[in-house]
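> What follows is a single structure, and I will ask about it in a moment.
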Amino acid sequence: MLDIYSRTVNAQRPLSEILAEFFPWCEEHEEALSAIFRAYGTRKRAFGVLDLDDLLLYWQALVCQ
């Protein structure tokens, strides 16, 4: 799940595309994965923490300004 989440966040692409391209055996779990990823994002915001993928996105945003 971590690899799916990371690819989705870093590629800035929909979960359905990432599953179809890289994890076709997980496509039937798209709805559950989406719910888990939303809950994960909510928890990170609630605790005021970032993960490595967040840091990479912030770094990219700074570089591209």
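> Ignoring ligands, DNA and RNA, what percent of the accessible area of the chain is carbon or sulfur (1.4 Å)?
Values: 2990 of 4920 Å².
The nonpolar share, carbon plus sulfur, comes to 61 percent.
> Roughly how many Å² is the accessible area per residue of the chain, as a whole number, for a 1.4 Å probe?
76
> Which net charge results when you count Lys and Arg as +1 and Asp and Glu as -1 among the other residues whose beta-carbon is under 13 Å from that of Gly41? Numbers along the way, then the final one.
Details: positive: Arg38, Arg43, Lys44, Arg45; negative: Asp51, Asp53, Asp54.
That works out to +1.
> Run the numbers for Glu17 and Ala35: contour at 0.36 nm per residue of separation, minus the present Cα-Cα distance, in nm.
On the way: separation 18, 0.36 × 18 = 6.48 nm, distance 1.63 nm.
That works out to 4.9 nm of additional length.
> Then there's this: Determine the dipole magnitude for the chain: charges of +1 sit on the beta-carbon of Lys and Arg, -1 on that of Asp and Glu, nothing else is charged, the reference point is the Cα centre, and the result goes in debye to the nearest 20.
So the magnitude is around 380 debye.
> Given a cut-off of under 8 Å on Cα pairs at least six residues apart, what relative contact order in percent is computed for the chain? Before the final figure, lay out the partial values.
Numbers: 24 pairs, mean separation 19.9, N = 65.
The normalised contact order for the chain reaches 31 percent.
> Go through Phe23, Gly41, Val9 and say which Cα lies farthest out towards the positive end of the charge dipole of the chain; charges sit on Cβ, +1 for Lys and Arg, -1 for Asp and Glu.
Toward the positive end, the furthest listed residue is Gly41.
> For the chain, take the longest principal axis of its alpha carbons; what is the angle in degrees between that and the long axis of helix 2-11, to the nearest 10 within 0 to 90?
60
> Per Stokes-Einstein, at 10 °C and 1.306 mPa s, what whole-number D in µm² s⁻¹ belongs to the chain, with the Kirkwood radius over Cα pairs as the hydrodynamic radius? Don't jump to the answer; show the numbers that get you there.
Details: Rh = 12.7 Å.
D, rounded to a whole number, is 125 µm²/s.
> Taking the chain as the reference, fit the longest principal axis to its C-alpha atoms, fit the long axis of helix 52-63 to the helix C-alpha atoms, and give the angle between the two in degrees, 0 to 90, nearest 10.
Approximately 50 degrees, to the nearest 10.
The values are calculated or read from the model by the stated rules, or taken from the named source; none is laboratory data. Quick caveat, the model's predicted, so the values are computed rather than measured. Positions of Cβ are generated from backbone atoms using ideal geometry, with glycine treated the same way; all protein chains shown enter the neighbour counts. Protein only, heavy atoms only, side chains kept; ligands, DNA and RNA dropped before computing areas. Shrake-Rupley method; radii C 1.70, N 1.55, O 1.52, S 1.80 Å.
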